[in-house]
Amino acid sequence: MITRAACGALHGVDAFRVDLEVDLTRAGLPAFTMVGLAEGAVREARDRVFAALRNGNFRLPPARITVNLAPADRKKGGSSYDLPMAVALLAAAGHLPENAVDGYFLSGELSLTGEVKPVTGVLPLAILAKEMRARGFLVPAANAREAAVVQGLDVYAVESLGQAVAFLSGQGILQPVEFPDPALSPRSESVFALDFADVKGQDHAKRAVEIAASGGHNLLLIGPPGSGKTMLAERIAGVLPRLSFAEALEVTKIYSVAGILPPGLGLMEERPFRAPHHSISQAGLVGGGYIPKPGEISLAHRGVLFLDELLEFHKHILEGLRQPLESGRVTISRATHSLTYPADFMLVAAMNPCPCGHLGDVRKKCVCGKGEVQRYRARLSGPLLDRIDLHVEVPAVPFEDLSREERGRSTALMRTSVDAARARQSARFQNTSCRCNADLSGRELDRHCRLDSHGKAFLRDAVGSLHLSARAYTRILRIARTIADLEDQESIAIVHLAEALNCRTLDRTRL
């Protein structure tokens with residue numbers, strides 16, 4: 001007898017349908033064969049499934065069993081095929097009514113006792129199940145909230161193989177899991193536990209952060225040790241706008257596939273903040289590995305990637321950021337296939353101005369020679385630097401600011417300004433591919449960043465005297481557009497261009 005169970009396999013952060021077919025025949029000697037490009041964890045499912053059936057008091061007759069995972073030309077990995085395989089075997093052996101499995105999607109790993117254990121990538125599978133118009137989706141109880149995020153799909157949480165069999169046979173009742181509307185949930189206060197009001201001084205750097213967050217611009221903080229670069233960076237997530245539901249789904253899919261979605265959390269409602277150590281490998285940062293997984297740049301999708309001590313990262317690793325910073329995605333290519341992960345993040349980096357860290361520091365004299373400083377900064381290539389919109393000096397904080405009792409501009413106030421600026425951009429970019437000013441290019445840049453004759457003359461002089469590249473010119477226009485939005489101005493004035501140039505420290509610095 002041949003039975004089928006619908007399940008899915010992951011390809012990048014998306015899923016494709018897999019039909020798990022079981023042929024159980026008593027002709028010939030008992031044997032078990034699995035076909036369909038199954039990887040190691042899938043082939044091992046045979047032992048887990050048979051042990052779970054035996055310990056659940058389900059008996060299979062001696063038979064020749066063939067399991068096919070269709071389509072047969074695409075690789076299948078992971079342990080999510082245990083539950084559909086067990087159910088299909090029971091249906092083929094007559095333990096389930098005919099057509100009991102039809103229309104249902106199934107996913108879950110089985111323990112040897114028949115307990116259904118959580119798996120990775122449930123959200124992409126749930127989206128696939130909805131697209132296939134499934135009657136319902138049976139998932140491990142630990143993954144139920146994640147799958148229930150998909151509206152219009154009945155999700156059933158199962159804790160054991162026996163419970164799943166009872167439900168499919170009509171002898172047990174399971175209620176669909178409901179997920180609360182994320183728009184009704186309050187924003188987590190943990191995001192604002194680190195407040196900009198706690199940062200002493202550094203008003204210029206805070207202004208740069210506000211500009212960067214408002215326009216989605218990349219930001220480089222340059223200053224001596226202890227000047228507050230890391231403090232500033234760690235607070236940026238709090239001023240960014242809240243994720244939309246569509247963006248939250250994108251982020252949650254990545255964390256689900258990577259297997260690091262926090263337990264009990266169905267949807268990532270806050271923008272991610274990732275801060276990898278400078279010893280990270282290229283696969284860890286960009287993605288890939290023997291079993292390809294999203295890297296830190298994908299885990300920072302729609303959020304912030306903070307690279308502290310930027311120039312301590314290996315140069316070839318930093319160069320791997322160039323293409324994702326432009327395209328918002330990264331492609332991992334292998335001999336037989338390629339995977340594309342989203343990587344649309346806001347890059348925030350911090351670096352010392354020189355090897356000793358005290359160039360320009362009034363507290364301590366720099367001991368580096370001019371050649372040392374040049375070689376040190378050469379670790380950051382020109383093309384990568386051009387992709388960073390703002391590079392801002394963060395000088396040492398004077399004692400007067402450190403001892404001041406009054407608190408500075410708070411995260412809540414900065415977030416209000418950022419939200420207002422983003423709202424103006426959303427209205428401006430309706431029916432376009434742009435989300436914020438950092439995405440402006442080509443025709444949209446010419447349309448929304450028009451300058452009057454005085455502005456053109458000012459920028460022409462700046463480009464000529466500072467020898468700016470075409471990419472730097474584009475960055476200045478984008479920054480000026482964001483500054484104008486923060487000031488609720490439709491046209492870009494010279495004062496906006498001047499502040500934008502002031503946010504490009506390394507364009508104005510000559511050693």
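Structure notes:
- Any hit, region 169-181, residues being in contact with a Pro (Cβ under 8 Å, 6 or more places away or on another chain) and surrounded by fewer than 16 Cβ atoms within 10 Å (Cβ to Cβ): yes
- Checked against the criterion of being assigned to a helix (DSSP H, G or I) and in contact with a Lys or Arg (Cβ under 6 Å, 6 or more places away or on another chain), the candidates Val49, Val87, Val42 yield just one match: Val42.
- Single residue of region 47-77 satisfying the filter (modelled with pLDDT of 95 or more and of a type in the set (D, E, K, R)) that is least open to solvent (accessible area, probe 1.4 Å): Arg48
- With respect to being open to solvent by 20 Å² or more (accessible area, probe 1.4 Å), of a type in the set (A, V, I, L, M, F, W, C) and over 21 Å from Leu497 (Cα atoms), Ala420 falls outside the description.
- Among residues of region 274-310, those that are under 28 Å from Cys436 (Cβ atoms), more than 16 Å from the chain's Cα centre (by Cα) and touching a residue at least 40 places away in the same chain (Cβ under 8 Å), counted: 3
- Enumeration of residues in region 274-313 that are of a type outside the set (A, V, I, L, M), open to solvent by less than 40 Å² (accessible area, probe 1.4 Å) and in a helix (DSSP H, G or I): Gly284, Glu296, Ser298
- Pairing residues of region 71-98 that are of a type in the set (Val, Ile, Thr) with residues that are modelled with pLDDT under 95, at Cβ distances under 6 Å and at least 6 apart in sequence or on separate chains, gives no pairs at all.
- Any pair with Cβ under 7 angstrom, 6 or more apart, that starts in region 20-31 at a residue that is open to solvent by less than 50 Å² (accessible area, probe 1.4 Å) and ends at one that is among the aromatic types (Phe, Trp, Tyr): Leu20/Tyr81
- Scan of region 444-462 for residues that are of a type in the set (A, V, I, L, M) and either crowded, with 16+ Cβ neighbours inside 10 Å or on the phi > 0 side of the Ramachandran plot (or both), ordered by number: Leu445, Leu451, Leu459, Ala462
- So Ser80, is it hydroxyl-bearing (Ser, Thr, Tyr), modelled with pLDDT of 95 or more and open to solvent by 10 Å² or more (accessible area, probe 1.4 Å): yes
- Condition check for Leu445: modelled with pLDDT under 95, out of contact with any Phe, Trp or Tyr (no Cβ under 7 Å at 6 or more places or on another chain), under 22 Å from Leu219 (Cα atoms) and of a type outside the set (S, T, N, Q): yes
- Test: residue in region 223-246 that is open to solvent by less than 60 Å² (accessible area, probe 1.4 Å), within 20 Å of Gln151 (Cβ to Cβ) and out of contact with any His (no Cβ under 6 Å at 6 or more places or on another chain): yes
- When Thr252 is tested against (1) surrounded by fewer than 20 Cβ atoms within 10 Å (Cβ to Cβ); (2) closer than 16 Å to Phe179 by Cβ; (3) β-branched (Val, Ile, Thr), just one condition goes unmet, and that condition is (1).
- With respect to the conditions (1) farther than 30 Å from Cys354 by Cα; (2) among the polar types (S, T, N, Q); (3) in a helix (DSSP H, G or I); (4) free of Cβ contacts under 8 Å to residues at least 24 places away in the same chain, Ser465 lacks only one, and its number is (1).
- Test: residue in region 429-439 that is open to solvent by less than 40 Å² (accessible area, probe 1.4 Å), touching an Asp or Glu at 6+ places or on another chain (Cβ under 6 Å) and part of a helix (DSSP H, G or I): no
- Residue match in region 491-505 (condition: closer than 18 Å to Gly215 by Cβ, open to solvent by less than 10 Å² (accessible area, probe 1.4 Å) and small (Gly, Ala, Ser)): yes
- The residues of region 7-17 that are in contact with a Leu (Cβ under 7 Å, 6 or more places away or on another chain) and crowded, with 21+ Cβ neighbours inside 10 Å, listed by number, are Cys7, Gly8, Gly12, Ala15.
- Filter result for Lys253 (of a type in the set (D, E, K, R), in a helix (DSSP H, G or I) and closer than 30 Å to Pro292 by Cβ): yes
- In the set (1) over 24 Å from the mean Cα position of the chain (by Cα); (2) on the phi < 0 side of the Ramachandran plot, Gly360 fails one condition alone, (2).
- Among residues of region 202-218, those that are surrounded by fewer than 20 Cβ atoms within 10 Å (Cβ to Cβ) and assigned to a loop (DSSP other than H, G, I, E, B), counted: 0
- Some residue of region 348-368 being modelled with pLDDT under 90, out of contact with any Cys (no Cβ under 9 Å at 6 or more places or on another chain), surrounded by fewer than 19 Cβ atoms within 10 Å (Cβ to Cβ) and β-branched (Val, Ile, Thr): yes
- Residue tally, condition surrounded by 16 or more Cβ atoms within 10 Å (Cβ to Cβ) and either in contact (Cβ under 8 Å) with a residue 60 or more places away in the chain or over 11 Å from the mean Cα position of the chain (by Cα) (or both), over region 256-273: 8
- From Ala193, Ala237, Ala197, residue being at pLDDT below 95 and in contact with a strand residue (DSSP E or B) (Cβ under 7 Å, 6 or more places away or on another chain): Ala237
The values are calculated or read from the model by the stated rules, or taken from the named source; none is laboratory data. If you're wondering where the values come from, they're calculated on a predicted model, not measured in any experiment. When we count neighbours, we look across all protein chains shown, and the Cβ atoms used for this are built from the backbone with ideal geometry, even at glycine. Please note that ligands, DNA and RNA were not included when accessible areas were found on the heavy atoms of the full protein model with its side chains. Shrake-Rupley method; radii C 1.70, N 1.55, O 1.52, S 1.80 Å.
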